[in-house]
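Before any comments, here is the structure.
The values are calculated or read from the model by the stated rules, or taken from the named source; none is laboratory data. The model shown is predicted, which means the values in this text are computed figures rather than measured ones. FYI the Cβ positions are ideal-geometry reconstructions off the backbone, even for glycines, and counts take in every protein chain you see.
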Amino acid sequence: MGAVKKIAVLSVQGAFAEQEKRIEDLGAECIEIRQKADLMQDFDGMILPGGESTVQGKLLTELGMLEPLRDRIRSGLPVLGTCAGLILLAGELGGGEHGWLGTLPVRVRRNAYGRQLGSFHVREVFQGIGRIPMTFIRAPYVESVTEGVEILATVDNRIVAVRYANQIGIAFHPELDEDESIHKMFLSICL
(Lines give C-alpha, C1' and ligand atoms only; values in the text may rest on other atoms or scores of the structure.)
Protein backbone atom coordinates (compact mmCIF):
# COMPACT_ATOMS: atom_id res chain seq x y z
CA MET A 1 0.00 0.00 0.00
CA GLY A 2 1.31 3.44 -0.93
CA ALA A 3 1.70 6.51 1.20
CA VAL A 4 -1.40 8.34 2.38
CA LYS A 5 -2.36 11.03 -0.10
CA LYS A 6 -2.53 14.60 1.17
CA ILE A 7 -5.32 16.68 -0.35
CA ALA A 8 -5.59 20.43 0.07
CA VAL A 9 -9.08 21.92 0.28
CA LEU A 10 -9.64 25.60 -0.40
CA SER A 11 -11.21 26.71 2.88
CA VAL A 12 -11.84 30.44 2.54
CA GLN A 13 -15.61 30.06 1.93
CA GLY A 14 -18.13 27.43 0.90
CA ALA A 15 -18.74 23.73 1.47
CA PHE A 16 -15.17 22.74 2.33
CA ALA A 17 -16.00 20.72 5.48
CA GLU A 18 -18.13 18.26 3.48
CA GLN A 19 -15.31 17.79 0.96
CA GLU A 20 -12.80 17.19 3.77
CA LYS A 21 -15.02 14.58 5.40
CA ARG A 22 -15.44 12.71 2.11
CA ILE A 23 -11.69 12.68 1.41
CA GLU A 24 -10.84 11.61 4.98
CA ASP A 25 -13.50 8.85 4.80
CA LEU A 26 -11.57 7.52 1.78
CA GLY A 27 -8.33 7.35 3.79
CA ALA A 28 -6.58 10.51 2.59
CA GLU A 29 -5.27 13.34 4.75
CA CYS A 30 -6.73 16.83 4.35
CA ILE A 31 -5.17 20.20 4.86
CA GLU A 32 -7.03 23.49 4.71
CA ILE A 33 -5.85 26.29 2.45
CA ARG A 34 -6.77 29.61 4.06
CA GLN A 35 -3.78 31.86 3.27
CA LYS A 36 -0.93 32.17 0.79
CA ALA A 37 1.57 30.42 3.08
CA ASP A 38 -0.67 27.31 3.10
CA LEU A 39 -0.10 26.93 -0.66
CA MET A 40 3.63 26.40 -0.03
CA GLN A 41 2.99 23.06 1.69
CA ASP A 42 3.42 19.76 -0.11
CA PHE A 43 0.16 18.15 -1.16
CA ASP A 44 -0.91 15.70 -3.87
CA GLY A 45 -4.10 17.35 -5.10
CA MET A 46 -6.55 20.13 -4.36
CA ILE A 47 -10.31 20.55 -4.13
CA LEU A 48 -12.04 23.83 -4.94
CA PRO A 49 -15.44 23.44 -3.23
CA GLY A 50 -18.89 24.77 -3.93
CA GLY A 51 -19.95 28.08 -2.43
CA GLU A 52 -20.00 31.62 -3.77
CA SER A 53 -17.56 31.79 -6.68
CA THR A 54 -17.37 35.59 -6.65
CA VAL A 55 -16.56 35.68 -2.93
CA GLN A 56 -13.99 32.87 -3.31
CA GLY A 57 -12.37 34.59 -6.30
CA LYS A 58 -12.14 37.94 -4.50
CA LEU A 59 -10.66 36.28 -1.41
CA LEU A 60 -8.10 34.40 -3.51
CA THR A 61 -7.11 37.73 -5.06
CA GLU A 62 -7.04 39.72 -1.80
CA LEU A 63 -5.04 37.01 0.00
CA GLY A 64 -2.47 36.86 -2.82
CA MET A 65 -3.35 33.24 -3.58
CA LEU A 66 -4.69 33.52 -7.15
CA GLU A 67 -1.36 33.58 -9.02
CA PRO A 68 0.44 30.90 -6.94
CA LEU A 69 -2.58 28.59 -7.21
CA ARG A 70 -2.84 29.19 -10.96
CA ASP A 71 0.87 28.38 -11.32
CA ARG A 72 0.54 25.12 -9.37
CA ILE A 73 -2.45 24.00 -11.45
CA ARG A 74 -0.67 24.87 -14.71
CA SER A 75 2.32 22.88 -13.44
CA GLY A 76 0.13 19.77 -13.21
CA LEU A 77 -1.41 19.83 -9.71
CA PRO A 78 -4.50 17.60 -9.83
CA VAL A 79 -7.58 19.66 -8.97
CA LEU A 80 -11.27 18.90 -8.50
CA GLY A 81 -13.55 21.92 -8.83
CA THR A 82 -17.18 21.43 -7.82
CA CYS A 83 -19.87 24.02 -8.65
CA ALA A 84 -18.17 27.30 -7.60
CA GLY A 85 -14.84 25.49 -8.04
CA LEU A 86 -15.72 24.81 -11.69
CA ILE A 87 -16.46 28.52 -12.12
CA LEU A 88 -13.08 29.45 -10.55
CA LEU A 89 -11.24 27.12 -12.96
CA ALA A 90 -13.07 28.24 -16.12
CA GLY A 91 -11.16 30.06 -18.82
CA GLU A 92 -14.25 32.06 -19.71
CA LEU A 93 -17.61 32.85 -18.14
CA GLY A 94 -20.80 33.32 -20.15
CA GLY A 95 -22.28 36.78 -20.28
CA GLY A 96 -18.89 38.46 -20.33
CA GLU A 97 -18.31 37.97 -16.60
CA HIS A 98 -14.86 38.14 -15.06
CA GLY A 99 -12.97 34.84 -14.87
CA TRP A 100 -10.58 33.87 -12.05
CA LEU A 101 -7.98 31.09 -12.44
CA GLY A 102 -8.59 30.47 -16.15
CA THR A 103 -6.80 27.11 -16.25
CA LEU A 104 -9.68 25.01 -17.62
CA PRO A 105 -10.35 25.84 -21.31
CA VAL A 106 -14.14 25.93 -21.15
CA ARG A 107 -16.88 28.59 -21.01
CA VAL A 108 -19.16 28.27 -17.98
CA ARG A 109 -22.55 29.85 -17.33
CA ARG A 110 -23.06 30.76 -13.67
CA ASN A 111 -26.39 30.08 -11.90
CA ALA A 112 -27.48 28.43 -15.12
CA TYR A 113 -30.45 26.66 -13.55
CA GLY A 114 -31.73 29.68 -11.63
CA ARG A 115 -31.46 30.53 -7.96
CA GLN A 116 -32.05 28.25 -4.95
CA LEU A 117 -35.44 27.10 -6.27
CA GLY A 118 -33.65 25.85 -9.37
CA SER A 119 -31.84 23.19 -7.35
CA PHE A 120 -32.51 19.56 -8.28
CA HIS A 121 -31.29 15.97 -8.01
CA VAL A 122 -30.89 13.39 -10.81
CA ARG A 123 -29.13 10.11 -11.55
CA GLU A 124 -27.14 10.23 -14.79
CA VAL A 125 -24.16 8.55 -16.42
CA PHE A 126 -20.68 9.80 -15.55
CA GLN A 127 -18.02 8.65 -18.05
CA GLY A 128 -15.90 5.80 -16.67
CA ILE A 129 -18.02 5.42 -13.53
CA GLY A 130 -21.61 4.72 -14.55
CA ARG A 131 -24.93 6.12 -13.35
CA ILE A 132 -24.48 8.21 -10.19
CA PRO A 133 -26.55 10.68 -8.14
CA MET A 134 -26.00 14.35 -8.96
CA THR A 135 -27.18 17.17 -6.70
CA PHE A 136 -27.34 20.61 -8.31
CA ILE A 137 -27.63 23.74 -6.16
CA ARG A 138 -27.70 27.08 -8.02
CA ALA A 139 -25.51 25.20 -10.45
CA PRO A 140 -23.51 26.32 -13.44
CA TYR A 141 -23.04 24.31 -16.59
CA VAL A 142 -20.38 24.25 -19.29
CA GLU A 143 -21.54 26.11 -22.41
CA SER A 144 -18.59 25.12 -24.59
CA VAL A 145 -15.27 23.28 -24.49
CA THR A 146 -12.09 23.54 -26.52
CA GLU A 147 -10.02 20.77 -28.06
CA GLY A 148 -8.52 18.45 -25.49
CA VAL A 149 -11.36 18.77 -22.97
CA GLU A 150 -13.14 15.48 -22.26
CA ILE A 151 -16.86 15.66 -21.52
CA LEU A 152 -17.58 13.37 -18.57
CA ALA A 153 -21.31 13.96 -18.00
CA THR A 154 -24.32 15.73 -19.44
CA VAL A 155 -27.80 16.39 -18.06
CA ASP A 156 -30.56 17.47 -20.45
CA ASN A 157 -27.96 18.00 -23.21
CA ARG A 158 -25.96 20.38 -21.00
CA ILE A 159 -22.36 19.61 -20.07
CA VAL A 160 -22.05 19.20 -16.29
CA ALA A 161 -18.64 17.52 -15.91
CA VAL A 162 -15.35 17.81 -17.81
CA ARG A 163 -11.74 16.77 -17.54
CA TYR A 164 -8.71 18.53 -18.97
CA ALA A 165 -5.30 17.03 -18.11
CA ASN A 166 -5.33 16.84 -14.28
CA GLN A 167 -8.31 19.16 -13.84
CA ILE A 168 -11.82 17.85 -13.21
CA GLY A 169 -14.63 20.39 -13.18
CA ILE A 170 -18.16 19.42 -12.21
CA ALA A 171 -21.33 21.49 -11.86
CA PHE A 172 -22.88 19.44 -9.06
CA HIS A 173 -22.04 18.50 -5.45
CA PRO A 174 -20.77 14.90 -5.14
CA GLU A 175 -19.87 15.52 -1.48
CA LEU A 176 -23.61 15.77 -0.68
CA ASP A 177 -24.46 12.28 -2.00
CA GLU A 178 -23.58 8.85 -0.64
CA ASP A 179 -21.74 7.83 -3.82
CA GLU A 180 -17.95 8.16 -3.40
CA SER A 181 -16.93 7.34 -6.96
CA ILE A 182 -16.01 10.87 -8.11
CA HIS A 183 -13.76 11.42 -5.10
CA LYS A 184 -12.20 7.98 -5.64
CA MET A 185 -11.54 8.87 -9.29
CA PHE A 186 -9.98 12.18 -8.21
CA LEU A 187 -7.73 10.48 -5.65
CA SER A 188 -6.59 8.04 -8.37
CA ILE A 189 -5.06 10.92 -10.37
CA CYS A 190 -3.33 12.42 -7.31
CA LEU A 191 0.09 10.76 -7.49
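Applying a threshold of 9 Å to beta carbon distances and a minimum spacing of six or more residues, or different chains, the list of pairs starting in region 64-84 at a residue that is over 17 Å from CYS30 (Cβ atoms) and ending at one that is in a loop (DSSP other than H, G, I, E, B) and acidic (Asp, Glu) reads ALA84/GLU52. Among the residues in region 57-68, are any out of contact with any Asp or Glu (no Cβ under 8 Å at 6 or more places or on another chain), among the charged types (D, E, K, R), within 25 Å of ALA139 (Cβ to Cβ) and not in a loop (DSSP other than H, G, I, E, B)? Looking through region 57-68, at least one residue is out of contact with any Asp or Glu (no Cβ under 8 Å at 6 or more places or on another chain), among the charged types (D, E, K, R), within 25 Å of ALA139 (Cβ to Cβ) and not in a loop (DSSP other than H, G, I, E, B). The residues listed here are GLY57, GLY27, GLY99, GLY85; of these, the one that is under 17 Å from the mean Cα position of the chain (by Cα) and closer than 24 Å to MET185 by Cα is GLY85.
Looking only at region 126-153, filter to residues that are surrounded by 14 or more Cβ atoms within 10 Å (Cβ to Cβ), within 16 Å of the chain's Cα centre (by Cα) and not hydrophobic (A, V, I, L, M, F, W, C); which one of those is nearest to GLY14 (Cα to Cα)? The residue in question is ARG138.
Residues in region 90-123 that are over 21 Å from GLN167 (Cα atoms) and either charged (D, E, K, R) or part of a strand (DSSP E or B) (or both): GLU97, ARG115, PHE120, HIS121, VAL122, ARG123.
All conditions in (1) over 19 Å from ASN166 (Cβ atoms); (2) assigned to a helix (DSSP H, G or I); (3) acidic (Asp, Glu) hold for GLU32, with the sole exception of (2).
To keep it simple, each residue is scored yes or no on (1) of a type in the set (D, E, K, R); (2) touching a Cys at 6+ places or on another chain (Cβ under 7 Å).
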{"site": "ILE23", "(1), (2)": "no, yes"}
{"site": "ASP42", "(1), (2)": "yes, no"}
{"site": "GLN56", "(1), (2)": "no, no"}
{"site": "LEU59", "(1), (2)": "no, no"}
{"site": "PRO68", "(1), (2)": "no, no"}
{"site": "SER75", "(1), (2)": "no, no"}
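Residue-level check: of (1) closer than 24 Å to GLU20 by Cβ; (2) touching a helix residue (DSSP H, G or I) at 6+ places or on another chain (Cβ under 8 Å), THR61 misses just (2).
For the criterion of being surrounded by 15 or more Cβ atoms within 10 Å (Cβ to Cβ), at pLDDT 95 or above and either part of a loop (DSSP other than H, G, I, E, B) or not polar (S, T, N, Q) (or both), GLU24 fails. Confirm whether ILE87 is of a type in the set (A, V, I, L, M, F, W, C), assigned to a helix (DSSP H, G or I) and either touching a residue at least 12 places away in the same chain (Cβ under 8 Å) or within 21 Å of GLY102 (Cα to Cα) (or both). Answer is yes for this residue.
Just one of the listed residues (GLY148, GLY128, GLY169) is part of a loop (DSSP other than H, G, I, E, B) and under 20 Å from ARG74 (Cα atoms), and it is GLY148.
Residues that are surrounded by 21 or more Cβ atoms within 10 Å (Cβ to Cβ) and of a type in the set (Asp, Glu) occur at least once in region 167-178.
Rundown of residues vs (1) under 16 Å from ILE159 (Cα atoms); (2) modelled with pLDDT under 95; (3) polar (S, T, N, Q), yes/no style:
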{"position": "LEU66", "(1), (2), (3)": "no, no, no"}
{"position": "LEU69", "(1), (2), (3)": "no, no, no"}
{"position": "LEU77", "(1), (2), (3)": "no, no, no"}
{"position": "THR82", "(1), (2), (3)": "yes, no, yes"}
{"position": "PRO105", "(1), (2), (3)": "yes, no, no"}
{"position": "VAL125", "(1), (2), (3)": "yes, no, no"}
{"position": "ARG138", "(1), (2), (3)": "yes, yes, no"}
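Looking at (1) in contact with a Pro (Cβ under 7 Å, 6 or more places away or on another chain); (2) assigned to a loop (DSSP other than H, G, I, E, B); (3) not hydroxyl-bearing (Ser, Thr, Tyr), can you tell me which one ARG138 breaks? Result: ARG138 passes all but (1).
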